[in-house]
Amino acid sequence: MLVVKDLEVRYGDINVIHGISFDIDEGESVAIIGANGAGKTTLLRTLMGLHLEFQGTILLDGEDIGRLPAWERSGRGLAMVPEGRRVFPDLTVEENLAIGAYSRTDRQEIEKSMKEVYTLFPILDQRKRQVSKTLSGGEQQMLAIGRAFMANPRLLLVDEVSTGLMPIFVDKVFDALSELNRRGVSILLVEQNARKSLSTMSRGYVLETGRISLEGSSEELRSNPEVQRAYLGI
Amino acid sequence: MYYATVAITVGIFMMLTMGLNIITGYTGQVSLGHAAFFGIGAYTSALLSVKAGVPFWFALPLAGLITAAIGAILGAISTRLHDDSLAITTIGINFVVVSVFQYTQFFGGALGIGGIRYPSVFGHTLTKPEYLLVVVLCILLGIWFDRRLVRSWLGLALRAVGQNEEAAQSLGVPSARFKIAAFAIGTAYAGVAGSLYAHFMTFINARDFGFPTSISIISMAVFGGLGTLRGAILGSLALGLAPEVFRPLVNYRNLMYGALLVLMMRFQPSGLIGDGSFIWESRQRVTLRLYKPKAVSGGEK
């Protein structure tokens, strides 16, 4: 579904990602784990079309989408849950979800998606008329996921969902991601929390200072001594 | 007559502030050159009236439309700029527009344009209180449009772009188009205000639309509470009336606006009655306590 070849990303003079290649199949859930500064957020922003200074190819369903602006990529089935749960702070929960469905026109289907979000996160239903900056961090993260889901994506790009959340919310948020994956949404997750991501996603890559150092199924990575030492603290 | 003159002036600034609030408040595009569009509206209306003999009632909407068209073009340029560079560019636009008016013969040069006709209905020239009524009607129309906008899809998209452009883009919102729309709508308000100003003063000069006027407008929006209609209304009312009420302040108006801007940014960045301001939050707390004694725990922070 998504194929990335020899991707090199620059920020001005600084090379952040030095030629990486990876792919995601339809329906897969893939984690990219790495420490702070490994280039994870830059990678997702490049895939979404928010950062255009790069070389290499990004193929979605065999088509090169590298030059498309973000809003056109959204129309082709990409959606992103940004780092630091960037919801629209002064819009209500309901308005945040509504804007998520911007590129869709099927009114009934949109209603249905909204109901699905509220079933997945009942707390959002209770708070739907509330301005979203008054939500707790965990609730905002749920809203950010719900909002991306409203775009009816085929591939969801998820940036650091666990940062700054209480453990109970981390579990909830990861459960929600697995649920979305079961419903057929492919997921690419970049995370610092290797333990949680490798137990939720089926396959993984390790990103170290802009290069992929390891790849494999989640079980393989979890039993890899290097991963255990560097990311799992065993 | 004096009161009518003050009220008309305040009303014109209210239109200007409401327009800026759509561009800078809702859509987050900082414009420090709003007075340029005030000027474009005024000159359009003045020229239509003086050179083409177009009656006020047609010149007014035309000034709004033409200003909106020019606003849209500048909006299109602005979509390539962000934050600081946009703010600086809009200052530049203000100076360029003023210079064009000042140094072009077509626009009356340094003398400006005089002999603009005061509006009349069936041969009866409007009195000042009657003109005030026209201004009030324009404001009511502006308020009505603003409320419709905020509740519409377009308004929702504008606010989403204003609050987080990247998030909006990654949800499929083509943010550039909405910024252009915001500039067109906001400058239309300024164009109407310009027309009202030109026909009220009957004489206009490029200096009336300079950078200090832009600062006055943004001060009003910020003072009341950027991003809310009520803030735009209260801000223009308060800062528009202050120099009249405290007469000795007149000569220090710019000093007062500047100082207020600094103080508001430091102590009440949401403005006097914007969302999140001390007064508005207190009011909401009181209302909650009065009407919904049990709902206070519902996440209100």
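The values are calculated or read from the model by the stated rules, or taken from the named source; none is laboratory data. These numbers come from a predicted model, not from an experiment. Every residue, glycine among them, receives a Cβ derived from its backbone with ideal geometry; neighbour counts consider all protein chains shown. Each accessible area value is taken on the protein alone, full model and side chains, heavy atoms only, with ligands, DNA and RNA left out. Shrake-Rupley method; radii C 1.70, N 1.55, O 1.52, S 1.80 Å.
Restrict the check to segment A:189-201 and report whether at least one residue is within 14 Å of another protein chain (Cβ to nearest Cβ) and not in a strand (DSSP E or B). Steps first, answer last, please.
Residues of segment A:189-201 within 14 Å of another protein chain (Cβ to nearest Cβ): none.
Within segment A:189-201, none of the residues are within 14 Å of another protein chain (Cβ to nearest Cβ) and not in a strand (DSSP E or B).
Of (1) in contact with a Phe, Trp or Tyr (Cβ under 9 Å, 6 or more places away or on another chain); (2) open to solvent by less than 20 Å² (accessible area, probe 1.4 Å); (3) not acidic (Asp, Glu), B:LEU48 satisfies all except one. Which?
Against the list (1) in contact with a Phe, Trp or Tyr (Cβ under 9 Å, 6 or more places away or on another chain); (2) open to solvent by less than 20 Å² (accessible area, probe 1.4 Å); (3) not acidic (Asp, Glu), B:LEU48 comes up short only on (2).
For A:LYS115, indicate whether it is in a helix (DSSP H, G or I) and either more than 14 Å from the chain's Cα centre (by Cα) or within 17 Å of A:THR41 (Cβ to Cβ) (or both).
yes
Specify which of the listed residues (A:LEU232, A:LEU180, A:LEU214) is over 16 Å from the mean Cα position of the chain (by Cα) and more than 25 Å from A:GLY19 (Cα to Cα).
A:LEU232
Taking only segment B:81-112 into account, find how many residues are more than 23 Å from the chain's Cα centre (by Cα) and outside any helix (DSSP H, G or I).
2
Considering B:ALA242, B:ALA181, which residue is open to solvent by less than 40 Å² (accessible area, probe 1.4 Å), under 30 Å from B:PHE58 (Cα atoms) and not basic (Lys, Arg)?
Of B:ALA242, B:ALA181, the one residue that is open to solvent by less than 40 Å² (accessible area, probe 1.4 Å), under 30 Å from B:PHE58 (Cα atoms) and not basic (Lys, Arg) is B:ALA181.
Give the residue that is least open to solvent (accessible area, probe 1.4 Å), with candidates limited to residues of segment B:62-80 that are closer than 21 Å to B:ILE91 by Cα and not small (Gly, Ala, Ser).
Here the answer is B:THR67.
Restricting the first residue to segment B:169-190 and requiring it to be within 14 Å of chain A (Cβ to nearest Cβ) and more than 23 Å from B:ILE143 (Cα to Cα), which pairs with a second residue that is of a type in the set (Asp, Glu) and open to solvent by 10 Å² or more (accessible area, probe 1.4 Å) meet a Cβ separation below 6 Å and a spacing of at least six or different chains?
Final answer for the pair search is B:SER175/B:GLU165.
Given the structure, is A:GLU208 under 19 Å from the mean Cα position of the chain (by Cα) and open to solvent by less than 80 Å² (accessible area, probe 1.4 Å)?
So A:GLU208 passes the test.
Looking at segment A:92-106, can you tell me whether even one residue there is more than 8 Å from chain B (Cβ to nearest Cβ), part of a loop (DSSP other than H, G, I, E, B), surrounded by fewer than 21 Cβ atoms within 10 Å (Cβ to Cβ) and among the aliphatic types (A, V, I, L, M)?
no
Given the residues B:LEU290, B:LEU196, B:LEU263, B:LEU239, which is the only one that is at pLDDT below 85 and assigned to a helix (DSSP H, G or I)?
Values: B:LEU196 fails: at pLDDT below 85; B:LEU263 fails: at pLDDT below 85; B:LEU239 fails: at pLDDT below 85.
Every option except B:LEU290 fails the conditions.
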